Amino acid sequence: DVSLPIAPAEDNRMQFLKPKEDDVGTKPKTLNQKPEVPKKMEINLFQGKNVKSLESDEKPSTSVPVMGNQVKHEKSEEDFAFDEPPFKKIKSTTCPEGKPVKNLGGNKVKEEFEMNWDIVQALSEITNVEPWVCANLIRLFQEENTIPFIARYRKELINNLEADALREVQQTLEELRTVAKKTHTMIQKLKKEGKLSGCLLTALLNCRTLEELDHVSAPYKTGSKGTKAQRAKQLGLEPAALSLLQNPMELNLFSYIRPNTKGLSTIQEVEAGVQHILADIFAKDKDTLDFIRKLCQQRYICIQSALAKVSSKSGNEKDIDKFQLYHEFSCNIKNIQHHQILAINRGENLKILTVKVNIPDGVKNEFCWWCVNERWRPKQFLKPELMRILRNSVEDAYKRLIYPLLCREFRSKLTSDAEKESVMMFGRNLRQLLLTSPVRGRTLMGVDPGYKHGCKLAIISPTSQILHTDVVYLHSGQGFREAEKIKRLLLQYNCSTVVIGNGTACRETEAYFADLIMKKYFAPLDVVY
């Protein structure tokens, strides 16, 4: 009788296969229609088939007994072979604790929105985590496993990463997915408007951050009325602007005047239009932006907050007093504290404070000089009136486009740093709270019991400092050997109080210590638990 040797495996097997039944289709039904097959045989056939259909790389078997055995040895791979969330069960022999399991299905991950970069590679580069770990993590997050669960029970899939590192990977993954999603929305929009060219598509698909995406797509965004530059381009002033930079000798702005067209009726309007187009070109040029960013890093840039004019009339007195410190506040953005940023943002949201980033005039002057004389230096000699247009364009670009962009960048960076720091701060405070000693004025040894991964020890000083951490295996038949180690630690730190946690193996651990204390094993220390 073939079914006898595998009888114990049968219940488990059926349990694992349940979620798959709908995928396999009608197999079980057709099998169930043949009453003359004995019940146990029919289950084996079904399992053999199911395993086959999923692990089709092995050669098809011919007879039922072989299938039976196969069911047996493939069970060990079940942990990782399927796409369902792994069932919680004792780890099988294929992955003893701590051995990384790399083959959860290769490093290729199907993403909803395809980009030119591979999400696993990108994630790995940004977070410095091995690619196979990233691939496994993406799968685990897709199956809606939580971070505490992954950190505790899927250690071999993630190479024993800490929960903090997992959280960072998860955050980065979210960010990358947001970029991909926004990029694809942008591509659809540009396709509709008929502005999508091959090189633009490549540039969009190469973006890895929202900033890059903004940068690439900025020239193609359409406002309600369009930007000033777009309106000037519609009036046909773009060639004039470009020739001012390339060959200004042949440029005659008077030829662009159309007396009865709004925006082109006078020379001043034509100049203004050209200026808007130039300003737009300057503000979207990567080198120009990099230069001003570098300049800003070297200079003293401060963030200022003041009491809003409106709030002083209508606002709630109590709220206004809360922000007393920030009524006349100014601080260098390099030195400002995280809590100050968060406070200023709160005040601004409540409309009690007005906030501005103050970039010194020196930056503006140097930037304008650099633009006119280096980056956008005309190819030929400029007539004074054209030079004036160029200078005005640079100033306009700075004031209207680049300065607000810089302010937004500084503010958002400060805010995101402050938010990260506040979470870290919370963590540090909580850690101190959890380290507060339950028994005052004594050195303690805490024991977190466990069978397979051993009992974890920590020795804590009366002032909540961690003096020593260790792992001992008390319940795997080597308890007597570990007793020596525990005694040595207790004597070394002069510790006579043992605190035993509850949970798996806590009764056995308690019995173990009670036994040693009864035998006065730790003498001369009088140990209690």
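Per q in 0.21, 0.22, 0.23 1/Å, what log10 I(q)/I(0) does a Debye calculation on the alpha-carbon atoms of the range 159-266 return? Those come out to -1.10, -1.13, -1.18, one per q. Per the Debye calculation on the range 180-338 with a single equal scatterer at every Cα and no solvent contribution, log₁₀ I(q)/I(0) for q = 0.10 Å⁻¹ amounts to -0.67.
Fully extending the segment from D526 to M425, taken as 0.36 nm per residue of separation minus the present Cα-Cα distance, adds 32.4 nm. Among the GluC sites (Glu not before Pro) found in the range 126-230, those both in a DSSP coil and sparsely packed, with 15 or fewer other Cβ atoms within 10 Å of their Cβ, are E143, E144, E162.
Cα convex hull, the range 209-282: 85 Å³ per residue, rounded to a whole number. Seen from all directions on average, the range 280-398 presents a Cα convex hull projection of 9.6 nm².
If you take all other residues with their beta carbon under 15 Å from the beta carbon of H215, and give Lys and Arg +1 and Asp and Glu -1, the sum is -1.
Two decimals is fine: what is log10 I(q)/I(0) at q = 0.15, 0.27 Å⁻¹ for the range 444-515, from a Debye sum with one equal scatterer on every Cα and no solvent? Normalising to I(0) and taking log10 leaves -0.44, -1.39.
Which entries in K189/K351; K356/K420; K191/K284; K456/K519; K318/K420 show an alpha-carbon gap greater than 26 Å? The pairs that break the limit, which is 26 Å between Cα atoms, are K189/K351; K318/K420. Of K108/K181; K294/K399; K262/K399; K182/K233; K221/K286, which pairs sit farther than 21 Å apart, going by alpha carbon to alpha carbon? Over 21 Å Cα-Cα: K262/K399; K182/K233. If Lys and Arg each add +1 and Asp and Glu each add -1, what is the summed charge of the other residues whose beta carbon sits under 12 Å from the beta carbon of C495? Combined, the nearby Lys, Arg, Asp and Glu give +2.
Calculated on the alpha-carbon coordinates, the convex hull of the range 367-509 measures out at 218 cubic angstrom per residue.
The numbers here are math on the coordinates, done by the rules we state, and not lab data. Owing to the predicted nature of the structure, the values given are computational and were not obtained by experimental measurement. For neighbour counting, all protein chains shown are included, and Cβ atoms are generated from backbone atoms with ideal geometry for every residue, glycine included.
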